[in-house]
Amino acid sequence: MNLQAPDLPGDITSDIPDGFQPFVHNGRFADCIGPFYAKALPEGGFRYLFKTAAMHANPNDVTHGGALYSFADHITGHAVVNATHRGCATIKFKVEYLSPVPLGTLVEGTVELVRITRTMAFLRLRLFAGDLTLMTADGAYKLFAPFDPAMFDPLNPGLGKEEPAQGTEVLPELPEGFQPFPSQGSFPALCGPTHYRRDKDGGFMNGFQARQMHDNTNNIVHGGVLFTFADDIMGRASSGITRRMSTTIALNVEYLAPAPLDAWIEGATEITYMDDRFAFVRSRIFHGDRILLTADGVWRLLQPHSYSKKTEAAK
């Protein structure tokens, strides 16, 4: 299987307000889905921005929640590193989605560092467009050893690290029984694509192949990729059992172990409660015997699906 990183459309860098400067190198994945921008504030800290485009789409052609989260994860990490001059890793996030985001939207973000201890940083985030709040989140980061502040460039967090590889990736054959979902949307396909296998007991197992383009700056899979995979399969679980479309309202994730590049990663889901309006879902993302991420979330149930023969084949 051959997959190539997408080309950036010309209009994705248009309409950027004055004062915002692009990040130079953020790791392969963030470089692929950006550009992301930052503007230093007179009182300290930064305001952040990116413009959503076709590559960020979900199957309904609005911005995928995983794209918003990937931006949020990147800028919160940047805020922590800039304030502490220490490396960090995402531990957990509690995310709430408040409004759909059309493609072509200029999404801005602010980060508030609530508390910094010897080993942890706790923060709040808000993403917005104009006066409309799109997403809020509370997060926690683990802090690592300090580094020389002189070696830190606020707009080049990947300073001194390997430049992203370009070109087509040749992926291994899929594990037996797995096949891709027929309709994914651009962003889940970029983070995956997501595959499924129907098991003998009637349940499903999901999986995706981690690739080099999913790299963060530390040669492991970016947390936004794992989040998007979990969000995708949990939403499919809620839609599959109800035969209704659904949208993510809230999603809580905990990162338990780094995910290796070039690995086959799987995910299982469980519906814990459902009524006529909402579905509550859990997920576990793992590689072999190692759990990488756990998640629980709430999906709002919408109108019934209009099923085609292709959709029926994917059930």
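Restricting the first member to segment 18-32 and to residues that are under 18 Å from residue 47 (Cβ atoms) and in contact (Cβ under 8 Å) with a residue 40 or more places away in the chain, and the second to residues that are of a type outside the set (Val, Ile, Thr) and assigned to a helix (DSSP H, G or I), the beta-carbon pairs closer than 6 Å and six or more apart or on different chains are 30/74. Of everything listed in (1) at pLDDT below 90; (2) touching a Gly at 6+ places or on another chain (Cβ under 6 Å), the single unmet condition for residue 195 is (1).
The residues of segment 256-315 that are of a type in the set (S, T, N, Q) and modelled with pLDDT of 95 or more, listed by number, are 269, 272, 283, 294. Scan segment 249-258 for residues that are under 30 Å from residue 99 (Cβ atoms) and aliphatic (A, V, I, L, M) and the total you get is 4.
Which pairs do you get when a residue that is farther than 21 Å from residue 252 by Cβ, found in segment 91-120, comes within reach of a residue that is in a strand (DSSP E or B) and of a type in the set (Asp, Glu), reach meaning Cβ atoms under 9 angstrom, with the pair 6+ apart or on two chains? So the pair list comes out empty.
Restricting 208, 204, 181, 229 to those that are closer than 21 Å to residue 279 by Cβ and crowded, with 24+ Cβ neighbours inside 10 Å reduces the list to 229.
For segment 279-299, the candidate set comprises residues that are surrounded by fewer than 16 Cβ atoms within 10 Å (Cβ to Cβ) and not acidic (Asp, Glu); within that set, the residue that is nearest to residue 208 (Cα to Cα) is 288.
Buried (at least 19 other Cβ atoms within 10 Å of the Cβ), under 20 Å from residue 296 (Cα atoms), over 12 Å from the mean Cα position of the chain (by Cα) and of a type in the set (A, V, I, L, M, F, W, C): is that true of residue 234 in this structure? When the stated conditions are applied, residue 234 passes them.
The values are calculated or read from the model by the stated rules, or taken from the named source; none is laboratory data. Here the structure is a predicted model, which is why all the values come from computation and not from measurement. In this analysis, Cβ positions are derived from the backbone assuming ideal geometry, glycine residues included, and neighbour counts consider all displayed protein chains.
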